[in-house]
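Step one of this worksheet: look at the structure below.
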Amino acid sequence: MSISRTFTTRFTKAALALLLATSSSLAMAQERPDLVVGVADLPATLEPGKELSNVGTRVNYSIFDTLIRRDFLSDEGGGGSTLVPSLATSWSRIDDRTLEVKLRDDVTFHNGAKLTAEDVVFTFSPERLSGENALLPEGPAYFSVLEAVKAIDDTTLHFITKGPDPLLEQRLASWASWIVNKADWEAKAAEDGGVPMFPVGTGPYMLDSYRADEAIRLVANDAYFGGTPTAASVTFREVPEPSTRVAGLVSGEFDIITNVAPDQIDQINSYDDIETRSVVLANSHVLVYNVTDPALSDARVRQAMNLAIDRDLLNQALWGGQAVVPNGHQYPEFGDMYNPDHVGVEYDPERARALLEEAGYDGALIRYTTQPHYYLNALPAAQAIIEMWKDVGLNVELNVVESFSGVDFKTLQVRTWSNSTRYPDPVGGLWNLWGPFGSPQRTNQSWIGTENLERFNALGAILESTVALEPRQQAAWEMLDIWKEDAPGTVLYQPLETYGVAKDVNWQPYTFYYMDLRPYNLSFDAQ
């Protein structure tokens, strides 16, 4: 029998506030609900080119806009890849290295400043984002392809790449490409010591309050060019424990919760007024191996570790069979760039034992480091994988840390990570995440010295600067083989991302960590 919540709805509260309102502007705000989202973690900063993570993009997606937007709703499952206008009204290729972009002329930032081409030039400038020594170290992974961004007039820009770039439009619709206000950014940078924590954007919601490790509250930007936001405010509240998030959803404290475990789905769906909504993410949980560590320096040891993992068993045990074990570090959404013949992951414990013997593995200790709650099922997955590794003769122990903040990744032997597809192409996955880029979390540095790394990097340069399909395929598919052979890490599975949602909230999750709360994807049923 279903159980109903007995708590006052958000609309009852809003109606009461409306009766007490003394101005039309306050009345308009209070007619809309206040949305509260329970999340496992919060970002350390709202600088959209720095906090490139699942927890960061979830929040920043409502604060900032890109020039071009990927329309996830162009596919009914929330994984569409059609590109549509956002801050840009149109874009066109002038030649094989130049993209002309036309801006909207009716957009203002949250501080009231009008959006101009100069803001866009600054956003992608070498100093901030695209240069080798950019203040945002992950920026070059996305935009080192740029030679220049030129303002032709207030609403016209030319993006000029160093060579032909088949993915420039996708780049402008994806991570690190959210537009910031130049004057605000520079003023706050001077106060914050180089990179501001809270630059302003143009998005449907703007920052009201930030309490580290507690909550981030956004309020509606009623001047939003994409239409009046449907919620008066959005609060992301940090609740690390999954069971506590579920309890908050049941009680009515939260309208949406993230990272619902598969074994909690039936419980949530047993209530009359809440439900679960699930998507398989275009993201893989991965392990990263430090190949410079003596215990892991032999590729055969790392290959054995990968062969010892029964990913199908993990999927059944942890995800109820609803996750997806990908065919290596690639995804079908890559289209013609996907290689169906690549054997990406295998389970062969006997071969793993033989490789360890061949490598002369002497029982050296290997520590597996993970956070307990950042990735759903990370801890039980770690516990299961350690037992699988022990079964083939590896000496492994678990190291649980509450946060990776301040941790020197070079000291970790095995660590958890996840890899999202920034755009539907190998450039936005394997190359972007494992190439020679600047962030400490970038993993190219973790497999320095392996036999094929130089070749991998050379192929990546071809991949991101070649338009013709066949040479791009050859480069990408050889990179897949190198990554498997050198084994600097491994993919585990594409997780099932399940949200708990109040039934009166009309909202579609995406196959990405973006939480899109724009008017076209968020509305409420009256109560």
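The values are calculated or read from the model by the stated rules, or taken from the named source; none is laboratory data. Since we're looking at a predicted model, the values are computed, not measured. Neighbour counts run over all protein chains shown; Cβ positions are idealised from the backbone, glycine included. Quick note on the areas: whole protein, heavy atoms, side chains included, nothing else; ligands and nucleic acids left out. Shrake-Rupley method; radii C 1.70, N 1.55, O 1.52, S 1.80 Å.
What's the magnitude of the charge dipole for the chain around its Cα centre, counting Lys and Arg as +1 and Asp and Glu as -1 at the beta-carbon? Answer in Debye, nearest 20. Show your work: numbers first, answer last.
On the way: 40 positive and 72 negative charges, 152 e Å.
With Lys and Arg at +1 and Asp and Glu at -1, about 720 debye.
Note on the chain: helix-only mean residue ellipticity at 222 nm, from DSSP H runs of 4+ residues weighted -39500 (n - 2.57) and normalised by residue number, equals -8000 deg cm²/dmol.
For the chain, the residue among L480, W447, N377 whose Cα projects farthest onto the positive side of the dipole built from Cβ charges is N377.
Normalised by the number of residues in the stretch 278-380, what is the relative contact order in percent for Cα pairs under 8 Å and 6+ residues apart?
Working: 86 pairs, mean separation 31.1, N = 103.
Computed over the stretch 278-380, the figure is 30 percent.
Annotation: the antiparallel percentage among DSSP beta bridges lying fully within the stretch 289-416 is about 10. The antiparallel fraction among DSSP beta bridges confined to the chain stands at about 75%. Projecting the Cα positions of P495, H329, T228 onto the charge dipole of the chain (unit charges on Cβ atoms of Lys, Arg, Asp and Glu, taken about the Cα centre) puts T228 furthest along the positive direction.
How much length is gained on full extension from A183 to A526, taking 0.36 nm per residue of separation minus their Cα-Cα distance? Don't jump to the answer; show the numbers that get you there.
Numbers: separation 343, 0.36 × 343 = 123.48 nm, distance 4.14 nm.
Between A183 and A526, full extension yields 119.3 nm more.
Between R104 and D312, the simple label model (points 7 Å from Cα in the Cβ direction) yields a spacing of 4.9 nm.
Just how large is the dipole of the stretch 253-323 about the Cα centre, in debye to the nearest 20, putting +1 at every Lys and Arg Cβ and -1 at every Asp and Glu Cβ? List each step's numbers first, then the result.
Values: 4 positive and 11 negative charges, 130 e Å.
Charge dipole of the stretch 253-323: 620 debye, to the nearest 20.
Rolled with a 1.4 Å probe across the full set of protein chains, the surface gives H158 an accessible area near 40 Å².
Based on Cα contacts under 8 Å between residues 6+ apart, the stretch 67-112 shows a relative contact order of 27 percent.
T230 sits with roughly 40 Å² accessible to a 1.4 Å probe, with DNA, RNA and ligands left out of the calculation. Legend: residues D71, D425, sorted from most to least accessible area (1.4 Å probe; ligands, DNA and RNA excluded), read D71, D425. Ranking of S418, S297 by solvent-accessible surface, largest first: S297, S418 (1.4 Å probe, protein heavy atoms only, all chains present). Cross-link pairs exceeding 23 Å in C-alpha to C-alpha distance, out of K162/K188; K410/K484; K102/K162; K150/K182; K102/K182; K188/K410, comprise K162/K188; K188/K410. For the stretch 163-304, the solvent-accessible area of protein heavy atoms averages 33 Å² per residue (probe radius 1.4 Å; ligands and nucleic acids excluded). Ranked by the mean number of other Cβ atoms within 10 Å of their residues, highest first, the peptides 215-224, 351-360 fall in the order 215-224, 351-360. What nm distance separates the two modelled labels at D192 and E241, each placed 7 Å from Cα along Cα→Cβ? Simple spin-label model gives 3.2 nm for this pair.
Please report, as a whole percent, how much of the solvent-accessible surface of the chain comes from carbon and sulfur atoms (probe radius 1.4 Å). Working shown, then result.
Details: 10090 of 20360 Å².
The value for the chain is 50 percent carbon and sulfur by accessible area.
Sketch the reach of a paramagnetic label on Q267 as a point 7 Å from Cα along Cα-to-Cβ, and name the residues of the stretch 223-250 whose backbone nitrogen lies under 18 Å away. The answer is 239-250. Sorting K102, K390 on solvent-accessible area from highest to lowest, probe radius 1.4 Å, gives K390, K102. Residues of the stretch 162-184 with amide nitrogen under 12 Å from the 7 Å Cα-to-Cβ point of E147? Only 162-165 pass the distance filter.
When the surface is traced with a 1.4 Å probe over the full set of protein chains, L129 keeps roughly 0 Å² accessible. Stretching D391 away from D75 to a fully extended chain increases their span by 109.5 nm, per 0.36 nm per residue minus the current alpha-carbon distance.
Given their separation in residues at 0.36 nm each and the Cα-Cα distance between them, D154 and Q383 gain 76.8 nm when the chain is fully extended.
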